[in-house]
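A.B. asks: This structure is in structure tokens; I'll ask about it shortly.
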Amino acid sequence: MTTFERPAPDLGTEDDVVGKRALAFVVDAVGVGVLASVVTNFAFLVSVPLGVLASGLSTVAFFAYLVYFEAEYGQTIGKMLADVVVVTEDGDAIGYRESAVRTLLRLVDILPFLYLVGIVAIYLTGRRQRVGDLVADTVVVRAKDKPDPL
């Protein structure tokens, strides 16, 4: 049985996880996007204003999902599947402040399109940090393997 728990970070593995980070974000975006589409479509069936409201709230829900999972567990479901974790630059667990900062700064990282600013920042920084990571003092690293339960 899988449980949600914060994994230990494997510090110094920032270079190894760039592709995994992208995959994790795609998994999260598609997962939340499918759920949001279903809810929004049902809302539009009820009324157009309700559908518009649900559509707008889906963006807020996506940001809330990212902040909550990263603050509570160090990783979203996509990051769990990719086996990466977000930690402070010192390797400590991040909290809601760090998670909110890095999530809100995705609005900068995504500019001008397809995360171009974020991708350039990742490849120009020694610890592979996007703008949100730089401001929040966070890094994304591999999660250490957990011992098998007895």
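The values are calculated or read from the model by the stated rules, or taken from the named source; none is laboratory data. Predicted model only: the values in this text are computed from it and were never measured. We place every Cβ from the backbone using ideal geometry, glycine too, and count neighbours over all the protein chains shown.
A.B. asks: Could you say whether any residue in region 129-144 is modelled with pLDDT under 95, in contact with a Pro (Cβ under 8 Å, 6 or more places away or on another chain), within 20 Å of residue 18 (Cβ to Cβ) and assigned to a loop (DSSP other than H, G, I, E, B)?
C.D. replies: Filtering region 129-144 for residues modelled with pLDDT under 95 gives 144.
Within this subset, residues satisfying the condition of being in contact with a Pro (Cβ under 8 Å, 6 or more places away or on another chain) are 144.
Then drop every residue that is not within 20 Å of residue 18 (Cβ to Cβ), which leaves 144.
This time we only want the ones that are assigned to a loop (DSSP other than H, G, I, E, B), so: 144.
Yes, there is a match, as at least one residue in region 129-144 is modelled with pLDDT under 95, in contact with a Pro (Cβ under 8 Å, 6 or more places away or on another chain), within 20 Å of residue 18 (Cβ to Cβ) and assigned to a loop (DSSP other than H, G, I, E, B).
A.B. asks: How many residues are among the basic types (Lys, Arg) and either under 9 Å from residue 105 (Cβ atoms) or within 12 Å of the chain's Cα centre (by Cα) (or both) if we restrict to region 129-148?
C.D. replies: First, the residues of region 129-148 that are among the basic types (Lys, Arg): 130, 142, 144, 146.
Narrowing the set further to residues that are either under 9 Å from residue 105 (Cβ atoms) or within 12 Å of the chain's Cα centre (by Cα) (or both) leaves 130.
So the count comes out to 1.
A.B. asks: Does residue 71 count as under 15 Å from residue 136 (Cβ atoms) and either of a type outside the set (Val, Ile, Thr) or at pLDDT below 95 (or both)?
C.D. replies: Details: under 15 Å from residue 136 (Cβ atoms): yes; either of a type outside the set (Val, Ile, Thr) or at pLDDT below 95 (or both): yes.
Yes; evaluated as a whole, the condition is true for this residue.
A.B. asks: Here are some conditions: (1) surrounded by fewer than 19 Cβ atoms within 10 Å (Cβ to Cβ); (2) touching a helix residue (DSSP H, G or I) at 6+ places or on another chain (Cβ under 6 Å). Residue 67 meets all but one. Which one does it not meet?
C.D. replies: (1)
A.B. asks: For the condition surrounded by fewer than 19 Cβ atoms within 10 Å (Cβ to Cβ), touching a residue at least 40 places away in the same chain (Cβ under 8 Å) and over 18 Å from residue 16 (Cβ atoms), what is the one hit in 94, 77?
C.D. replies: Testing whether each residue is surrounded by fewer than 19 Cβ atoms within 10 Å (Cβ to Cβ), touching a residue at least 40 places away in the same chain (Cβ under 8 Å) and over 18 Å from residue 16 (Cβ atoms) leaves just 77.
A.B. asks: Restricting attention to region 8-25, does a residue exist that is assigned to a loop (DSSP other than H, G, I, E, B) and either in contact with a Lys or Arg (Cβ under 6 Å, 6 or more places away or on another chain) or over 21 Å from residue 123 (Cβ atoms) (or both)? Outline the logic, then answer.
C.D. replies: The initial filter retains those residues of region 8-25 that are assigned to a loop (DSSP other than H, G, I, E, B), namely 8, 11-13.
Now drop any that are not either in contact with a Lys or Arg (Cβ under 6 Å, 6 or more places away or on another chain) or over 21 Å from residue 123 (Cβ atoms) (or both), which leaves 8, 13.
So far as region 8-25 goes, yes, one or more of its residues are assigned to a loop (DSSP other than H, G, I, E, B) and either in contact with a Lys or Arg (Cβ under 6 Å, 6 or more places away or on another chain) or over 21 Å from residue 123 (Cβ atoms) (or both).
A.B. asks: Take residue 45 and tell me if it is assigned to a helix (DSSP H, G or I), hydrophobic (A, V, I, L, M, F, W, C) and either touching a residue at least 24 places away in the same chain (Cβ under 8 Å) or surrounded by 12 or more Cβ atoms within 10 Å (Cβ to Cβ) (or both). Spell out how you get there, then give the answer.
C.D. replies: Details: assigned to a helix (DSSP H, G or I): yes; hydrophobic (A, V, I, L, M, F, W, C): yes; either touching a residue at least 24 places away in the same chain (Cβ under 8 Å) or surrounded by 12 or more Cβ atoms within 10 Å (Cβ to Cβ) (or both): no.
No; evaluated as a whole, the condition is false for this residue.
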